[in-house]
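*Asks:* Supplied in structure tokens, the structure appears directly below.
The values are calculated or read from the model by the stated rules, or taken from the named source; none is laboratory data. Not measured: the values here are computed from a predicted model. Note that each Cβ is placed from the backbone with ideal geometry, even for glycine, and that neighbours are counted across all protein chains shown. With ligands, DNA and RNA removed, areas are computed over all heavy atoms of the protein, side chains included. Shrake-Rupley method; radii C 1.70, N 1.55, O 1.52, S 1.80 Å.
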Amino acid sequence: MSYKWAASPYLVWMVIFIVVPIILVCYYSLTVRTDAGFRFSTDNFRRFFEPIYLKVLYRSIELAFVATVVCFILGYPLAYILARSDFKHTNVLIMLLVVPMWMNFLLRTYAWMTILEQNGVLNIVLSWLRLPTISILYTEAAVILGMVYNFLPFMVLPIYSVLSKIDPSVVEAAEDLGANGIIVFRKVIFPLSLPGVISGITMVFMPAVTTFVISRLLGGGQFTLIGNLIEQQFLYVSDWGFGSAISLAMMVLILLSMAVMSKFAGEDRGLGLW
Amino acid sequence: MVRALKKCYVAVIFAFLYAPILVLILYSFNNSRSRGTWGGFTLRWYGELLQDRHILGSLYNTIIIAVLSAAIATVIGTAAAIGLNGWRGVQRKVIMNITYIPVLNPDIVTGISLMLLFVFARMPLGLLTMLLAHITFNIPYVILSVLPKLKQLDTHLYEAALDLGATPWYAFKKVILPEIMPGIITGLLLAFTLSIDDFVISFFTTGSGVANLSITIFSMARRGVNPTINAVSTLMFLAVLVLLVIVNLRVSKENSRKGRRNHEQEAYDHRHRRFGSARRLSRNHAR
């Protein structure tokens, strides 16, 4: 049975809509516009190393890093509990973990605006409890909160799927050999769960670094991240060369790290998202 | 004691995940523009929603694009999967890697690269370009849902049908298509949901005032909180919930259909692994 030709419409589509756009990004990033037309240049990439842009890069990585760490601290115990406790309805709980991810990403972020704003839900609750009110909307904390909220399930699911597949007999063997709970976790369970941890970290860090919606809505546009920088270059400044250069750098970085991570994480990457 | 603590922890995390959604739903029925007060139950915002031509227009765009892009992507993607199933070696590897690009790439990069393409081709940005972009990012998901089904396919059945005198098209229709149908439907639903949910790629590939729901929400939210958005959110949440329940019922039905075989396979795997790990452990011990 061979229907090789059936792939041809897709191959045409693929070349036009996947390959050509990437070539265009490369082209724009490696040329500058002069009076005589376009000229080859690496100026766009060199501009990226100016202090203000390095600061943007640094801030993006910093915020994404903090969000990833928080996701890990919150998410690992949750995945562990779900995988290793005999709750009756673990499947339902996993499903409940996935449901919010299917709600529109913008609405999830917008919901936090309602909660965090000056006379929002959080402050109403705080004043009921006679606690001082806080205003964290349009701060870094709000941006990190938004990232943690949006990407937490991406951390929990891969760790859960690895943990739930650990052979109970391995744990039993360790216990028979005299290991206590902490040692079993440190020497057996945690090392075995590392592939899940790695793919969890990837799946949180990557979208967190590239987001421009969360920083725009919850940071109020005060926190320019790489994503915002790209958006600005294309929609406001019309410096397509520079915008393409940043995009290309980001794409190469992310595809490379995905390739490296998938070597570590094996085949289970992203399992259970749908 | 420990169990209660664990339950508490799970409850707290789920509260964190669901609180914002519940708040949105609650406020969509609040008869007061300011969120500091509860002004009683109302359907006023749903009424305003029905009169807001901007929101209705973007809802219409969202649905048109979701239906069209899911349908077209399913046709192209299914054909591609059937075709690719016959490809081998380096060519297949290259094609599959390129297919993965839209899945792995950050949305913003996919968005701007498509925008560059449309501008380069001198296409006016609008509904058509947004549709083309959605088809593009949907096709890989369809291919990735159909390919596994094709791999499970028993090619002897197809050959048997041919031996019994079926034309290749008839055999395809009667033997192959029913077998891979679950994958096709999953891909279709996935594409539909992804299209409805997309913001970033749409944002960069549209223009001249054509917006989908996500874009409208973004521009409204940028100006601050607005009760009509709460009503939109509630309706969208319900719609997604219904879709998800349908998808999951399908998946679990299918699993139970082939449950027996899987079960036996799993038991075998388990035994095997157990044996293997015991061997490994004893070897380590001896060392």
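*Asks:* Mean separation of Cα pairs under 8 Å and 6+ residues apart, divided by the residue count of chain A: what relative contact order is that in percent?
*Replies:* Values: 302 pairs, mean separation 72.8, N = 274.
So the answer I get is 27 percent.
*Asks:* Return the Cα extents of the protein assembly as shown along principal axes one, two and three, sorted largest first, each rounded to a whole Å.
*Replies:* 65, 63, 52
*Asks:* Quick one: accessible surface of B:Asp198, probe radius 1.4 Å, all protein chains present, in square angstrom to the nearest 10.
*Replies:* So the heavy atoms of B:Asp198 present about 10 Å² to solvent.
*Asks:* With a length cut of 24 Å (Cα positions projected on each helix's long axis) and a Kyte-Doolittle mean of at least 0.5, go through chain B and give me the DSSP H helices that pass. Present the calculation step by step, with values, prior to reporting the outcome.
*Replies:* On the way: long enough: B:2-27 (37 Å, 1.80); B:53-84 (44 Å, 1.57); B:127-152 (38 Å, 1.17); B:177-197 (29 Å, 1.44); B:227-257 (45 Å, 1.06); B:259-286 (40 Å, -2.20).
Taking the DSSP H segments of chain B (at least 24 Å long, mean hydropathy at least 0.5), we get B:2-27, B:53-84, B:127-152, B:177-197, B:227-257.
*Asks:* For a quick check, take a GNM of chain B with Cα springs below 10 Å and name the residue from B:Thr129, B:Thr193, B:Thr167 with the largest mean-square fluctuation.
*Replies:* Of the options given, B:Thr167 has the highest mean-square fluctuation.
*Asks:* Which residue, B:Val90, B:Val242, B:Val75, tops the fluctuation ranking in a GNM of chain B built on C-alpha contacts under 10 Å?
*Replies:* Ranking B:Val90, B:Val242, B:Val75 by mean-square fluctuation puts B:Val90 first.
*Asks:* Kindly state, to the nearest 0.05, the FRET efficiency for B:Leu249 paired with B:Lys173, given R0 = 22 Å and r defined as their beta-carbon distance.
*Replies:* Working: r = 26 Å, r/R0 = 1.20.
Step by step, r from the Cβ atoms, then E = 0.25.
*Asks:* Additional query: How far, in degrees from 0 to 90, does helix A:90-102 lean away from the longest principal axis of the Cα atoms of chain A, to the nearest 10?
*Replies:* 20
*Asks:* Okay, moving on. Any number yet on Rg/Rh for region B:188-254, C-alpha, Kirkwood? Kindly include the intermediate steps, with their values, before the conclusion.
*Replies:* On the way: Rg = 14.6 Å, Rh = 13.6 Å.
Answer for region B:188-254: 1.07.
*Asks:* Using just the alpha carbons, could you tell me how many Å³ per residue the convex hull of region B:53-225 encloses?
*Replies:* Numbers: hull volume 23.6 nm³, N = 173.
Roughly 137 Å³ of hull volume per residue.
*Asks:* For the residue pair B:Arg53 and A:Ile166, what label-to-label distance in nm results when each label sits 7 Å from Cα along the Cα-to-beta-carbon direction?
*Replies:* Result: 6.1 nm between the two label points.
*Asks:* Between beta-carbons, use under 12 Å as the cut-off and find the net charge around A:Ser85, counting Lys and Arg +1, Asp and Glu -1.
*Replies:* Working: positive: A:Arg84, A:Lys88, B:Arg3, B:Lys6, B:Lys7; negative: A:Asp86.
Charge balance near A:Ser85 sits at +4.
*Asks:* Within a Cβ distance under 15 Å of B:Thr99, other residues only, what is the Lys/Arg minus Asp/Glu net charge?
*Replies:* +2
*Asks:* While we're looking at this one, here's another question. Hey, how much of the P(r) for region B:1-124 falls beyond 20 Å, as a percent of Cα pairs?
*Replies:* Working: 5668 of 7626 pairs.
Here the long-distance tail beyond 20 Å is 74 percent of all Cα pairs in region B:1-124.
*Asks:* What Kirkwood hydrodynamic radius do you get for chain A when you take the inverse of the mean 1/r over all pairs of distinct Cα atoms, in Å?
*Replies:* Values: mean 1/r = 0.0459 Å⁻¹.
21.8 Å is the Kirkwood radius here.
*Asks:* If you don't mind, another one. At R0 = 41 Å, how high is the FRET efficiency between A:Val92 and B:Leu157 if r is their beta carbon distance? Nearest 0.05 is fine.
*Replies:* 0.65
*Asks:* Also, I was wondering about something else. Of the cross-linked pairs B:Lys149/B:Lys174; A:Lys263/B:Lys149; A:Lys263/B:Lys151; A:Lys187/B:Lys6; B:Lys93/B:Lys151, which ones have a Cα-Cα span greater than 18 Å in the structure shown?
*Replies:* Details: B:Lys149/B:Lys174 16 Å; A:Lys263/B:Lys149 25 Å; A:Lys263/B:Lys151 23 Å; A:Lys187/B:Lys6 22 Å; B:Lys93/B:Lys151 16 Å.
Beyond 18 Å between Cα atoms: A:Lys263/B:Lys149; A:Lys263/B:Lys151; A:Lys187/B:Lys6.
*Asks:* Are there any residues in region A:196-217 with a reduction of at least 10 Å² in accessible surface when going from the isolated chain to the assembly of protein chains? Probe 1.4 Å, please list them by number.
*Replies:* With the partner chains in place, region A:196-217 has these residues losing at least 10 Å²: A:Thr210, A:Phe212, A:Val213, A:Arg216, A:Leu217.
*Asks:* Between A:Ile73 and B:Val2, what is the label-to-label distance in nm when each label sits 7 Å out along the Cα-to-Cβ direction?
*Replies:* 2.4
*Asks:* Further question: Per the helix-only calculation at 222 nm, which mean residue ellipticity applies to chain B, given -39500 (n - 2.57) for every DSSP H run of n ≥ 4 and division by its residues, nearest 500 deg cm²/dmol?
*Replies:* Details: 13 runs with 231 residues, N = 287.
Taken over chain B, the calculation gives -27000 deg cm²/dmol.
*Asks:* Can you tell me the Rg and Dmax of region A:4-106, counting just the alpha carbons, in angstroms?
*Replies:* 23.4, 71
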